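Chemist: My questions all concern the structure below.
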Amino acid sequence: MDEKDEDLGEFDPNIPEEGPTAPPPGWLDDVHGYQGHKGGEGDAPLYPPPPAYNPQPELNRNTLVPNVRVPTVSEDVAREALLKFVESKWRYSSKPARNLTFKELRPITVYRYRLETFSETRTSGWQFEPYNGQVVDGPQFGVSPPPWDVPVSLPQRFSDRVEKVRVPHSSIVKVCHMCSGCGRVRCSGCHGRGQKRCPFCHGHGRSGNKRCTSCHGRGRKRCISCSGQGLKTCSVCHGSQNLLHFIQLTVTWKNNVSDFIPDRQPDFPDKKFEKVTGDPFFVDESVLVYPIQGFPDQEICDVSTKMIHEHLERFSSTSRILQQRQTIELVPLTQAYYTYSGKDFGFYVYGMENKVFTSKYPSACSIL
Ligand SMILES: [Zn+2]
Ligand SMILES: [Zn+2]
Ligand SMILES: [Zn+2]
């Protein structure tokens, strides 16, 4: 503000000017178990959870899995699947699909291993709301429980959810840090004067030899931000003058999923498997699951060991593991060989949905 602003009028120096909405650092005392909060902005992480809250794996434990047989697709099913695929592509004719001759249907064993880790994370931070005489659950009712002891209702297992809880006995009422209890603040646009210097004539009232048309020669204009009032209702306490501060605990449940399919069909794009389901013939659920052992496909055993180790490392350091689930699915995959118009072709039928993948399909024009 320079001296030129003097002629814009008076303001009340007892009313503070509007500023940042967050309380200044050190405004609130630390609560035991919830240290590390910075002036109400952003949440502080509360991990890793103490060992008492996080399950520990037992050494040398493994899980045995039964053997399975590979399902086969009949010629009718394969043809039906191809017809459906061809009809979805406008540039393909259904004629070859109807008239082709199958040479061989070769089922391929594809296992998909999936590991799910259902975890819970807790963070906390100061929050406030205008105080209008509501009940204040403050420290006079007892000591706030440690973060991992605050009771919350569990969501359905393996589903994602976020819940915000007020930490018991953490509430405190303080005078509003923005308006110092006035309920109103001076407008920062005009510093409480209600008027601003005209931006077109810079307060001269004239531009060149002409009277300024923007301010009609007055040199100043009404402040739009406060409608010329100079004061505004405090946006932090909404005029209530006091604030109720409390610690808010944010509890996040997340299902962390990792999938693996051994890459053994070079001419079949593995990404296709992501969109189809398989037959989950083995499901193992526990607080902690253990590596799979003795399964005919050694790569599945190895990946189970590796993934379980990775999940344990990743999630027990930042969150609490509530439940794990490992699944082995048999994902149907059949390679179909056929002849059409004297030439050899092939396609894949995959997934429980019998989807089709083909890199080459005969054109209808090439026939007789
Ligand atoms: Zn203003
Ligand atoms: Zn002007
Ligand atoms: Zn206020």
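Chemist: Ser214 - would you say it is of a type in the set (Gly, Ala, Ser) and away from ligand 3 (no atom under 14 Å from the Cβ)?
Modeler: Yes: the conditions hold for Ser214.
Chemist: Anything in segment 233-267 that is within 16 Å of ligand 3 (Cβ to nearest atom) and either closer than 16 Å to Pro16 by Cβ or out of contact with any Asp or Glu (no Cβ under 8 Å at 6 or more places or on another chain) (or both)? List them, or say none.
Modeler: Thr233, Cys234, Ser235, Val236, Cys237, His238, Gly239, Ser240, Gln241, Asn242, Leu243, His245
Chemist: Given the criteria away from ligand 1 (no atom under 12 Å from the Cβ), part of a strand (DSSP E or B), surrounded by fewer than 19 Cβ atoms within 10 Å (Cβ to Cβ) and of a type in the set (Gly, Ala, Ser), does Ser214 qualify?
Modeler: Taking the combined requirement at face value, the residue does not satisfy it.
Chemist: Against the condition surrounded by 14 or more Cβ atoms within 10 Å (Cβ to Cβ), touching a helix residue (DSSP H, G or I) at 6+ places or on another chain (Cβ under 8 Å) and assigned to a helix (DSSP H, G or I), how does Arg79 come out, does it pass?
Modeler: The answer is yes for Arg79.
Chemist: With the structure loaded, tell me whether Lys221 is surrounded by fewer than 14 Cβ atoms within 10 Å (Cβ to Cβ) and at pLDDT below 95 or whether it fails that test.
Modeler: no
Chemist: Sticking with this one: For segment 93-134, enumerate the residues that are β-branched (Val, Ile, Thr) and either within 30 Å of Arg264 (Cβ to Cβ) or assigned to a loop (DSSP other than H, G, I, E, B) (or both).
Modeler: Thr101, Ile108, Thr109, Val110, Thr117
Chemist: Here's a follow-up. Would you check which residues across segment 179-211 are within 8 Å of ligand 2 (Cβ to nearest atom) and either surrounded by 20 or more Cβ atoms within 10 Å (Cβ to Cβ) or aromatic (Phe, Trp, Tyr) (or both) and list them?
Modeler: Cys198, Phe200, Cys201
Chemist: May I pose another question? Do we have Gly125 as within 30 Å of Asp29 (Cα to Cα), of a type in the set (Gly, Ala, Ser) and loosely packed, with under 13 Cβ neighbours inside 10 Å here?
Modeler: For Gly125, the condition - within 30 Å of Asp29 (Cα to Cα), of a type in the set (Gly, Ala, Ser) and loosely packed, with under 13 Cβ neighbours inside 10 Å - is not met.
Chemist: Still on this model: Does segment 63-76 hold any residues that are of a type outside the set (A, V, I, L, M, F, W, C) and either surrounded by 15 or more Cβ atoms within 10 Å (Cβ to Cβ) or in contact with an Asp or Glu (Cβ under 6 Å, 6 or more places away or on another chain) (or both), and which are they?
Modeler: Thr63
Chemist: Right, here's the next one. Which numbered condition in (1) out of contact with any helix residue (DSSP H, G or I) (no Cβ under 8 Å at 6 or more places or on another chain); (2) modelled with pLDDT of 90 or more is the only one that Glu10 fails?
Modeler: Failing condition for Glu10: (2).
Chemist: Please specify each residue of segment 94-122 satisfying the condition of being small (Gly, Ala, Ser) and crowded, with 16+ Cβ neighbours inside 10 Å.
Modeler: The answer is Ala97, Ser119.
Chemist: Mind telling me which of the residues Ser94, Ser188, Ser207, Ser153 ends up being of a type in the set (S, T, N, Q), modelled with pLDDT under 95 and within 16 Å of ligand 1 (Cβ to nearest atom)?
Modeler: Just one listed residue meets the conditions, Ser188.
Chemist: Still on this structure, I have one more. Collect the residues in segment 186-211 that are out of contact with any strand residue (DSSP E or B) (no Cβ under 6 Å at 6 or more places or on another chain) and either assigned to a loop (DSSP other than H, G, I, E, B) or within 16 Å of ligand 3 (Cβ to nearest atom) (or both), keeping them in residue-number order.
Modeler: The answer is Gly189, His191, Arg193, Gly194, Pro199, Phe200, His202, His204, Gly205, Gly208, Asn209.
Conditions (1) part of a strand (DSSP E or B); (2) away from ligand 3 (no atom under 16 Å from the Cβ); (3) free of Cβ contacts under 8 Å to residues at least 12 places away in the same chain, marked per residue:
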{"residue": "Pro145", "(1), (2), (3)": "no, yes, no"}
{"residue": "Ser159", "(1), (2), (3)": "no, yes, no"}
{"residue": "Val162", "(1), (2), (3)": "yes, yes, no"}
{"residue": "Ser170", "(1), (2), (3)": "no, yes, no"}
{"residue": "Gly181", "(1), (2), (3)": "no, no, no"}
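Chemist: Within segment 236-263, how many residues turn out to be under 20 Å from Pro280 (Cβ atoms) and either of a type in the set (S, T, N, Q) or without any contact (Cβ under 8 Å) to a residue 40 or more places away in the chain (or both)?
Modeler: Final tally of qualifying residues: 3.
Chemist: Cβ contacts < 8 Å: first residue closer than 17 Å to Gly189 by Cα and without any contact (Cβ under 8 Å) to a residue 60 or more places away in the chain, restricted to segment 205-224; second residue away from ligand 1 (no atom under 16 Å from the Cβ) and of a type in the set (S, T, N, Q), any location; separation 6+ or different chain. Result?
Modeler: Lys221/Ser214
Chemist: OK, next. Which of the residues spanning segment 218-232 are away from ligand 3 (no atom under 16 Å from the Cβ) and not in a loop (DSSP other than H, G, I, E, B)?
Modeler: Once the filter is applied, which keeps residues that are away from ligand 3 (no atom under 16 Å from the Cβ) and not in a loop (DSSP other than H, G, I, E, B), segment 218-232 yields Arg220, Lys221, Arg222.
The values are calculated or read from the model by the stated rules, or taken from the named source; none is laboratory data. Just so you know, these numbers come straight off a predicted model, no measurement behind them. Cβ: placed from backbone, ideal geometry, glycine included. Neighbour counts: every protein chain shown.
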